[in-house]
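J.: Sharing a structure here in C-alpha cells format.
The values are calculated or read from the model by the stated rules, or taken from the named source; none is laboratory data. Note that the structure is a prediction, hence the values are computed from the model and not measured. Heads up, the Cβs are rebuilt from the backbone with ideal geometry, glycines too, and the neighbour counts pull from every protein chain shown. For the accessible areas, the whole protein counts, side chains as well, though only heavy atoms, and no ligand, DNA or RNA atoms are used. Shrake-Rupley method; radii C 1.70, N 1.55, O 1.52, S 1.80 Å.
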Amino acid sequence: MEPIPAPMTHSSLELLEYEQLRALLGRYISNALGRAELDELAPGTDRRHIQEALAGVGEAIEYARTGTKLPLSLQADPRPIVHKLHIEGAVLDAGELADIVAFLDRATQLRRVLAGEAKAQPRLLAQAGRIGEFRGIIREITGKLLPDRTLADHASVALHTLRRDIEKLKKQIQDYLDRFVRAHREDGVLQEDYITIRNDRLVVPVVSGQKRRVDGVVHGVSNTGQTIFIEPLETIGMNNELVRLREEELREIHRILREMTERLREHLAEIAAALDVTGELDLLFAKAEFAAAFDCTIPKFSLESARRLHLELARHPLLEDVLRREKRPIVPLSLVLDGDTHTLLISGPNTGGKTVAIKTVGLLSIMAQSGVPVPAAVAEFPLFDKVLADIGDQQSIEHSLSTFSAHMASIREMLDRASPWSLIMLDELGRATDPEEGGALGVAILEHFREQRAFALASTHLPALKTWGAGTSGVLNGSMGFDAETLRPTYVLRVGAPGRSAGIDIAARLGLPRRLIERARAALGTAAQDIARLLEELDRRLAENIALKEQLERRVAEVNAQAATLERESDKRLAAQTRDLEARYAALAERFETEARAAIERIAASAEQRKTTAQAQRRVARTRREFDQAFESEIRGVRPSAGPARSAVEEGSRVMLKGVRSPARVRRVLDGGRLEVEAGFMKMQVSLEDVEEVLPAAEEKPRLPTNVAFHSGPRWDSPYQEISVIGQRAEEAVDLVDKFLDRAALAQVARVRIIHGHGMGVLRRAIAELLGRNPHVEKFHTAGPDEGGAGATIAELKGS
C-alpha cells in the first residue's frame, strides 16, 4: 500500500533547512524561468512523478557529460511580456517585441541542439518536441526591428514615406534657422549660437532683453530667466507640418506594433509551452550541475513490500559547501534500516555530529522526493508521506513555552500526524527535564513510533534510552565516534552499539579548570562510572572491528586490482605470442612446400624402386607428418591457458588434451564437467579441465606448388585400426597389409592390429617379414590375449 499523498509540513522543511538547499541549487540556475521553477520546488509523494523527475535528471547528467552546453541564458524575463499577450487588445512596444523575439530565438536554438545531440535521452527529446516552430515569426518581426529596439523605416511603405518627409522638412527648418543664427550672430540678439528644441518644435535661444527684435512664438524660458526660446514666425508653418507628420508616424508605428502583437498572439499557446519547457530544462540542468559539483547519485525508492532506508557515504550538502570554502574535509555517514528494524537511536559525545547525522538523513529524504540527486554513493529510501522533525531549542517567551514545553508540544503534534509511512526525527529526546523521567518519556515515545512501524531517528544522552535500544528488537543503536586520546569527536557514525557522552572530557578540552573537572569526576556515581567504562570499551571494540573491516575491504580491492592488472598483461603477452605463432606458421608452411617439392623430385628420380606410387605417398606422408609435428611443437610452446575456450566445447569439437599429442574429437558432453572423446582408435572419458585448446572446425591445408596435387589418406575415424587377412594367400596378404600400412601412415595412426589367424603360421611369418622391412614400422609384437593372441600382430608406426 502506497502512502497517501500529503504535503510536507513547513516547520519540518524549515528545520531541515530546505530553503537553504534551494538557495544552493539556485547557484546553477541560468534564467528567471528556471528561478521560478526552483521557487515552486517541493517534496512530493507521487512515486511515478518523482521517479520520472529523477529519470529526467539522470538524462541531463548523461547529456552534460558530452560537454555540449545548452543555450539557457536569457536577456530578459519574458513572463511579463507573455502575460501582456494574454490581455486582449494590449499592444507590445518595440522593446518588448525585441525581448520576446530574443526568447523565441533562444527556445528555437534549445530545440535544435536537443534534437541533434540528445538522441540517447528520450525525455530530453520529448521536452524539445514541446517547443514549437518559431523561425517564421522570428524572421518576420526581426526584419522590422533595429538593434536599438526601434522600428525600421522599411517596416511599412507608409512609415518609410512619413519618415522621409519628416527628415526633409526638418532639414528645411534647420536650414532657415541656420541662416537666422548667422544673420543675428553679431547683433547681440542671440544668447548662444545654436538651435534647440522646445515642445517638439525647433527654436533659437534669444537674450531676454532682445525678444522684441525677433517676431515669433515664445516656447520657454531658461531657469535663470536670461534666455527666451523663440520659434521664429517664418518657421511656424513648417513646424506645424512637422508636428502633424510626427503624429501620423506615431499612428503608423502603433498600427505596425499592433499587427506584430496580433501575429505573436496567434502563437500564444506555443509561446507559453516554450516558456514552461525553458524553465523546466533550466531547473533540470541546474540539478545535473549540482549533482556533478557534489558527487551525487540518483536515489532509488524501495518497494512498499520491502521498505528500506540505505545510505552509503552520505553527506549533508550545506555542511559540505561550508567545509569546502574552509578547505576542510567532510565525514560521510552510512546506515541501513530495513526489515523489522525501522528505528535508529544515536548517542555519543556533545558536538559529535548527532544532530547533523539526523539532519542529513532528513534533508536527503526530502531532496529525493523533490526529484533532486543526493550527495551519497548509494541512496535508497522508502516513500514517506510526511517528514516530521523536532530539532533544536524551540522555546518561546512570547508563547510562554520553556524548552521542555516546546519540545513536548512539538512531539504531541508529531504523534497526531505520524503514520506508518512517516519519517520521524527527534533530536536530544527527553532533554530539558529530569533524566530519569526524560528517559521514560523517550522510551514511551519511541516505542509508539516503533509499534506504528514508522521510520524514526533519535539522538540522546540518556542511559535509559541507550539500554532500551540495546534490548529492543527493531531498534538499532548507533554512536558518533570519539577519540579518547585527543578528546575530540571523530564525527563517524558507527552502527551497532551505543556511545558515551564524554561530557566531562569535552569540558576539559574546552578549558574548564582542572580542579572542577576532577571534582566532577569524583562526584560521578559508581554506577555511572561503570556504565561509562563499559561504553568506552564497547566504543573501542567497535572501532577495532570497523578498522579491521576497512582493512579487509582495502585488501580485497588491492587483490581485485592486481588480478585486473595481471589479466591485462596476460592479454598483451597472448597477443604477442599469437603474432609470433603466425610468423612461425608461415615459415613452417614455406618449409613444408619446399620439402614436399624435393620429395616429389626424389621420387621421380628413383624409377627403379618398387611400387613408386606407394613410395611417393609414403614420402609425402612422412614430410606432412614432420611438418605437423613441428607445427604442433610450436603451438604447444605458445599455447595459452584454455580456460576461456572450454565453454565452446560441444559434440563434434576437435580438442587438444593434456598428455595427448594428436587432436581428439568430442563424442559426447557428459554431466559433471566430463567429456567422452575419441583420440585415434582410443575412446576415453576426460575432465573438462584436461582440455588445453579447442581447435577450429576445419584445418587449413598447406599451400602447395601449382603443379603439385596432394591427396590425403583415408580418415581413420573407426573405433579400431585393424585389417584381417584370414583366408588370403601369402602374396595377396602381404600386398594388402603393405597398402594398409601406407594408409595408416598417411592418417598418422600410431598403432594397428593385423589379424592373420593361427593356421600353419604361413601368413604370420610373411607379415612379420613385411613388418621387419617396412619403413613405417617402428616395432611389432604378437597381440595380447584380449586382442587375439597369436592370431594377430600389433604394429607400432614411426613418428606417431
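J.: I'd like to check something: does the range 67-85 contain any residue that is under 28 Å from Ile366 (Cα atoms), of a type in the set (Gly, Ala, Ser) and under 21 Å from the mean Cα position of the chain (by Cα)?
T.: Checked against the condition, which is being under 28 Å from Ile366 (Cα atoms), of a type in the set (Gly, Ala, Ser) and under 21 Å from the mean Cα position of the chain (by Cα), the range 67-85 yields no hits at all.
J.: Condition (residue is assigned to a strand (DSSP E or B), surrounded by fewer than 19 Cβ atoms within 10 Å (Cβ to Cβ) and touching a residue at least 24 places away in the same chain (Cβ under 8 Å)) applied to the range 300-308: is it met by at least one residue?
T.: Scanning the range 300-308, I find at least one residue that is assigned to a strand (DSSP E or B), surrounded by fewer than 19 Cβ atoms within 10 Å (Cβ to Cβ) and touching a residue at least 24 places away in the same chain (Cβ under 8 Å), so the answer is yes.
J.: Could you grab the pairs with beta carbons closer than 8 Å, sequence gap of 6+ or different chains, first residue in the range 17-36 and within 15 Å of Ser73 (Cβ to Cβ), second one in a loop (DSSP other than H, G, I, E, B) and among the acidic types (Asp, Glu)?
T.: Within 8 Å, the pairs are Asn31/Asp77; Ala32/Asp77; Leu33/Asp77.
J.: Would you say Ala158 is crowded, with 17+ Cβ neighbours inside 10 Å and touching a helix residue (DSSP H, G or I) at 6+ places or on another chain (Cβ under 6 Å)? Walk me through it before giving the result.
T.: On the way: crowded, with 17+ Cβ neighbours inside 10 Å: no; touching a helix residue (DSSP H, G or I) at 6+ places or on another chain (Cβ under 6 Å): yes.
So Ala158 fails the test.
J.: More than 30 Å from Phe290 (Cα to Cα), of a type in the set (Gly, Ala, Ser) and open to solvent by 50 Å² or more (accessible area, probe 1.4 Å): which single residue out of Gly89, Gly95, Gly67 fits that description?
T.: Testing whether each residue is more than 30 Å from Phe290 (Cα to Cα), of a type in the set (Gly, Ala, Ser) and open to solvent by 50 Å² or more (accessible area, probe 1.4 Å) leaves just Gly89.
J.: Would you mind telling me which numbered condition in (1) in contact with a Pro (Cβ under 7 Å, 6 or more places away or on another chain); (2) open to solvent by 90 Å² or more (accessible area, probe 1.4 Å) Glu186 fails?
T.: Every condition holds for Glu186 apart from (1).
Here's the yes/no breakdown for (1) of a type in the set (Ser, Thr, Tyr); (2) modelled with pLDDT under 55; (3) open to solvent by less than 30 Å² (accessible area, probe 1.4 Å); (4) part of a helix (DSSP H, G or I):
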position	(1), (2), (3), (4)
Glu692	no, no, no, no
Lys701	no, yes, no, no
Thr706	yes, yes, no, no
Phe710	no, yes, no, no
Arg715	no, yes, no, no
Tyr720	yes, yes, no, no
Arg743	no, no, no, yes
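J.: Let me ask something else about it. How many of the residues making up the range 745-774 are open to solvent by 40 Å² or more (accessible area, probe 1.4 Å), without any contact (Cβ under 8 Å) to a residue 60 or more places away in the chain and not in a helix (DSSP H, G or I)?
T.: 4
J.: Hey, can you tell me all the residues within the range 414-464 that are under 19 Å from Lys359 (Cβ atoms) and either surrounded by fewer than 18 Cβ atoms within 10 Å (Cβ to Cβ) or of a type in the set (D, E, K, R) (or both)?
T.: Residues satisfying the conditions are Asp427, Glu428, Arg431.
J.: Related question: List pairs: first in the range 171-198 and more than 13 Å from Glu234 (Cα to Cα) and part of a helix (DSSP H, G or I), second modelled with pLDDT under 85 and open to solvent by less than 60 Å² (accessible area, probe 1.4 Å), Cβ under 7 Å, 6+ apart or cross-chain?
T.: Between residues of the range 171-198 that are more than 13 Å from Glu234 (Cα to Cα) and part of a helix (DSSP H, G or I) and residues that are modelled with pLDDT under 85 and open to solvent by less than 60 Å² (accessible area, probe 1.4 Å), the close pairs are Val181/Leu190; Val181/Ile195.
J.: Scan the range 340-368 residue by residue and report those that are more than 22 Å from Pro43 (Cβ to Cβ), open to solvent by 50 Å² or more (accessible area, probe 1.4 Å) and either free of Cβ contacts under 8 Å to residues at least 24 places away in the same chain or in contact with a His (Cβ under 9 Å, 6 or more places away or on another chain) (or both).
T.: Within the range 340-368, Asn350 is the sole residue that qualifies.
Yes or no, residue by residue, for (1) in contact (Cβ under 8 Å) with a residue 12 or more places away in the chain; (2) surrounded by 23 or more Cβ atoms within 10 Å (Cβ to Cβ); (3) within 26 Å of the chain's Cα centre (by Cα):
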{"site": "Asp276", "(1), (2), (3)": "yes, no, no"}
{"site": "Leu313", "(1), (2), (3)": "yes, no, yes"}
{"site": "Leu319", "(1), (2), (3)": "yes, no, yes"}
{"site": "Pro329", "(1), (2), (3)": "no, no, yes"}
{"site": "Leu335", "(1), (2), (3)": "yes, no, yes"}
{"site": "Asp338", "(1), (2), (3)": "yes, no, no"}
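J.: Turning to a different aspect of this structure: Between Glu167, Glu247, Glu252, which is at pLDDT 85 or above, surrounded by fewer than 14 Cβ atoms within 10 Å (Cβ to Cβ) and within 30 Å of Ile87 (Cα to Cα)?
T.: Criteria check complete, one pass: Glu247.
J.: Here is a further query. Being at pLDDT 95 or above and either closer than 19 Å to Pro373 by Cβ or not in a loop (DSSP other than H, G, I, E, B) (or both) is true for just one of Leu24, Leu72, Leu13. Which residue is that?
T.: Leu24
J.: Name the residue that is surrounded by the fewest Cβ atoms within 10 Å (Cβ to Cβ), counting only residues in the range 465-478 that are assigned to a helix (DSSP H, G or I) and out of contact with any Ser or Thr (no Cβ under 7 Å at 6 or more places or on another chain). Even if it seems obvious, please write down each step before you answer.
T.: Of the residues in the range 465-478, the ones assigned to a helix (DSSP H, G or I) are 465-471.
Of the ones still in play, those that are also out of contact with any Ser or Thr (no Cβ under 7 Å at 6 or more places or on another chain) are 465, 467-471.
Values: Leu465: 28, Thr467: 15, Trp468: 21, Gly469: 24, Ala470: 13, Gly471: 9.
Of everything passing the filter in the range 465-478, Gly471 is surrounded by the fewest Cβ atoms within 10 Å (Cβ to Cβ).
J.: Another one. Provide a single number: the residues in the range 211-258 that are touching a Leu at 6+ places or on another chain (Cβ under 8 Å) and not in a strand (DSSP E or B). Quick ask: steps written out before the conclusion?
T.: From the range 211-258, those touching a Leu at 6+ places or on another chain (Cβ under 8 Å) are 215-217, 231-232, 235, 238-239, 241-242, 245, 248-249, 252-253, 256-257; that's our starting set.
Pick out the ones that are also not in a strand (DSSP E or B) and you get 215, 235, 238-239, 241-242, 245, 248-249, 252-253, 256-257.
The total comes to 13.
J.: Can I ask one more? If you go through the range 199-217 one residue at a time, how many are open to solvent by 40 Å² or more (accessible area, probe 1.4 Å) and touching a residue at least 40 places away in the same chain (Cβ under 8 Å)?
T.: Qualifying residue count, the range 199-217: 1.
J.: Assess whether Arg112 counts as being open to solvent by 30 Å² or more (accessible area, probe 1.4 Å), closer than 19 Å to Leu97 by Cβ and under 42 Å from the mean Cα position of the chain (by Cα).
T.: Spelling it out, it is not the case that Arg112 is open to solvent by 30 Å² or more (accessible area, probe 1.4 Å), closer than 19 Å to Leu97 by Cβ and under 42 Å from the mean Cα position of the chain (by Cα).
J.: From (1) open to solvent by 40 Å² or more (accessible area, probe 1.4 Å); (2) at positive phi, pick out the condition that doesn't hold for Gly220.
T.: Of (1) open to solvent by 40 Å² or more (accessible area, probe 1.4 Å); (2) at positive phi, only one is false for Gly220: (1).
Conditions tested, residue by residue: (1) in a loop (DSSP other than H, G, I, E, B); (2) closer than 21 Å to Ala306 by Cβ; (3) at pLDDT 95 or above; (4) small (Gly, Ala, Ser).
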{"site": "Leu364", "(1), (2), (3), (4)": "no, yes, yes, no"}
{"site": "Ala376", "(1), (2), (3), (4)": "yes, yes, yes, yes"}
{"site": "Ser410", "(1), (2), (3), (4)": "no, no, no, yes"}
{"site": "Met414", "(1), (2), (3), (4)": "no, no, no, no"}
{"site": "Gly430", "(1), (2), (3), (4)": "yes, no, no, yes"}
{"site": "Gly439", "(1), (2), (3), (4)": "no, no, no, yes"}
{"site": "Leu446", "(1), (2), (3), (4)": "no, no, no, no"}
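J.: Which ones in the range 99-143 are over 17 Å from Glu266 (Cα atoms) and among the small types (Gly, Ala, Ser)?
T.: Ala102, Ala107, Ala115, Gly116, Ala118, Ala120, Ala126, Ala128, Gly129, Gly143
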